[in-house]
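Data first, discussion second: the structure below is written as C-alpha cells.
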Amino acid sequence: MENKDFSSIPLLDYSLALSSSTKPEFILELRYALINVGFLYLSNTDAMVDQSLIESLKNYIPKLFALPQEEKDNIRMANSPHFLGYSRLGAELTKGKTDYREQFDIATDHVSRWRPGDPDYWNIWGPSQYPDEALIPGFQQIMKGYLSQVAALGTHFITLIAEALGLPPDGLSRFHDIPDRMQHRGKVVQYPVPSERSESNQGVGPHYDAGFLTILLQASPHPGLQVQNLAGDWIEAPPIPGTFVINFGRALEFATKGIVRATSHRVLSPPVGSSSPRYSVPLFHNIALDVKVRDPKYELEFSPDIVKLRDERGSLSQTDSINYSEFESQPSGMVQLMGRVKSHPDVAQRHYPTLFKQFFPDGLPKAGFAY
Ligand SMILES: O=C(O)CCC(=O)C(=O)O
Ligand SMILES: [Fe+2]
C-alpha cells in the first residue's frame, strides 16, 4: 500500500487561491495538507497581510521582551479574567516539564459581553493589556494591525478549507459568529537560549492546538518547531522567509469527524551557545464560544470520496500529546476556559475561584500544566 504518512511539510502559494484559473490546484494541495499532514507553509499572503507590518512587528519583539521586568509584571496575566497579559519564564508545564518560554498573550480587539449570571466562559474574551505606550511607542498600533489582518486571513482561509473538504465556501460558517463578535488570541513568544547547565531543551512540549487553525509567524531564523507524523517521527518545520505556518486544531478535527488532522507539535529551545533567543507569534483562530462541535445541529456531511481519503490515511498509532477530549461534550468556550484554568492556575484562583477549587483542591501548584 502507498505510504500516506508525511516526511515534509507542504508549501502552498496563497496567491493561487485568489484567481479562478489556479484555485483548483490550490484546493487540491490544501486537501492533502488538511487530511494527511495537519500542517502547511503559506506564502504570498500580501493581499491580506502587509509585509511592512510583519517587519515592524519583528523589530518590536526584542524591545518588548527587553522592557524592565517590573513593567512586564504590571501587565501580568493575573490582572485579567480574559487570561490576556504577560507570563514569566517557566510559568507553564507541558507533560510535567517546564516550558522554557516567556510570553505576552494579546488578542484581537474585543469587548466582553459577559454580565453577572452569564456562563463563566463568556468572560474568556475581552480587552488585551498593552505595555505603557511611552515605553514602546507604536507597538500597540502595529500589534493591533497585525492581529486584525492575520485574523482576516484566517477567516478567508476557512472558506478555502470548506471547499477543500467538498463543502460550499460557507460550509463551516455555522461555527463562527459574525467577525465583529469573534475574538482570536495571539501570543508573542520568546524562547531563551538555555544555559550550559540546563537539563531541558523544552521550549514547549508536545501538544495539539485547540481551535480551528493556528497561523504562526516564525519571527526569527531559528529552527526548533517540530511536527509529529503518523509513525511518531518528529519532522522539522524550520522558518521559511515570507511564509506563515498554518496548522489545524482539535476543534476542526472533531467538527470534521477526524477528516482534518490536528497534528502534535513541539518547540525545542535554541541550542546552548546560540547568540539570540527564538521568537514566534502564533494566532489561534477561534470558533464561537457557545458551539458544541459534537451537537447534531453542527454535524457536517462529507462526500464518500473525502471520507475515503481519511480512512486511507490511517490513524496515529501513538502520540505524545493528549488533550481537548472535552470537545466531545462541552461548549467550545468551556473547553478553552478549562484549558486556561489548568495552564494558569494563579489567574484562575483570582477570577474563577469555583473552577479553580475543582481543578486544584489542594491549592495553588508551582506552575500550571499547559496540556
Ligand atoms: O512557537 C512556535 O513556533 C509554536 C508555538 C506553539 O505551538 C503554541 O504556542 O501553541
Ligand atoms: Fe501549538
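The values are calculated or read from the model by the stated rules, or taken from the named source; none is laboratory data. The structure displayed is predicted, hence computed values, not measured ones. Methodologically, a virtual Cβ is constructed for each residue, glycine included, from the backbone with ideal geometry; neighbour enumeration extends over all protein chains shown. In case anyone asks, the SASA skips ligands and DNA or RNA and just uses the protein heavy atoms, side chains included. Shrake-Rupley method; radii C 1.70, N 1.55, O 1.52, S 1.80 Å.
What to note about this one:
- Members of the stretch 210-257 that are modelled with pLDDT of 95 or more, small (Gly, Ala, Ser) and surrounded by fewer than 20 Cβ atoms within 10 Å (Cβ to Cβ): Ser220, Gly242
- None of Lys366, Lys342 is under 26 Å from Ser200 (Cα atoms), open to solvent by 20 Å² or more (accessible area, probe 1.4 Å) and touching a strand residue (DSSP E or B) at 6+ places or on another chain (Cβ under 6 Å) except Lys342.
- When each of Gln129, Gln103, Gln149 is tested for being under 30 Å from Asp46 (Cα atoms), in a helix (DSSP H, G or I) and under 22 Å from the mean Cα position of the chain (by Cα), the lone residue that passes is Gln149.
- Those residues of the stretch 322-332 which are modelled with pLDDT of 90 or more and surrounded by 22 or more Cβ atoms within 10 Å (Cβ to Cβ), in sequence order: Ser332
- The requirement of being farther than 19 Å from Gly154 by Cα and open to solvent by 10 Å² or more (accessible area, probe 1.4 Å) is not satisfied by Tyr32.
- All of (1) in contact with a helix residue (DSSP H, G or I) (Cβ under 8 Å, 6 or more places away or on another chain); (2) open to solvent by less than 40 Å² (accessible area, probe 1.4 Å); (3) farther than 20 Å from Tyr32 by Cβ hold for Gln149 with one exception: (2).
- Test for Ser317: is it modelled with pLDDT under 95, under 30 Å from Leu53 (Cα atoms) and open to solvent by 20 Å² or more (accessible area, probe 1.4 Å): no
- Of all residues in the stretch 79-100, none are touching a Leu at 6+ places or on another chain (Cβ under 6 Å) and open to solvent by 40 Å² or more (accessible area, probe 1.4 Å).
- Tally, over the stretch 132-155, of residues that are in contact (Cβ under 8 Å) with a residue 24 or more places away in the chain and polar (S, T, N, Q): 3
- Residue check, Ala367 farther than 29 Å from Asp177 by Cβ, small (Gly, Ala, Ser) and touching a residue at least 40 places away in the same chain (Cβ under 8 Å): yes
- Residues of the stretch 199-212 that are within 11 Å of ligand 2 (Cβ to nearest atom) and part of a strand (DSSP E or B): Gly203, Val204, Gly205, Pro206, His207.
- When restricted to residues that are under 23 Å from Met48 (Cα atoms) and away from ligand 1 (no atom under 11 Å from the Cβ), the stretch 179-214 contains 8.
- Verdict on Lys63 being under 21 Å from the mean Cα position of the chain (by Cα), closer than 19 Å to Leu217 by Cα and open to solvent by 20 Å² or more (accessible area, probe 1.4 Å): no
- Subset tally (residues that are among the polar types (S, T, N, Q) and in contact with a Ser or Thr (Cβ under 8 Å, 6 or more places away or on another chain)) for the stretch 131-158: 1
- Contact map, the stretch 276-295: residues that are in contact (Cβ under 8 Å) with a residue 24 or more places away in the chain and aromatic (Phe, Trp, Tyr) paired with residues that are within 11 Å of ligand 1 (Cβ to nearest atom) and assigned to a strand (DSSP E or B), Cβ distance under 7 Å, separation 6+ or inter-chain. Pairs shown: Tyr279/Val189; Tyr279/Gln190; Phe284/Arg185; Phe284/Thr214.
- Any hit, the stretch 82-101, residues being hydrophobic (A, V, I, L, M, F, W, C) and on the phi > 0 side of the Ramachandran plot: yes
- Filtered residues of the stretch 116-156 (kept if touching a strand residue (DSSP E or B) at 6+ places or on another chain (Cβ under 7 Å) and of a type outside the set (Ser, Thr, Tyr)): Gln129, Met143, Leu147, Val150, Ala151, Leu153, Gly154
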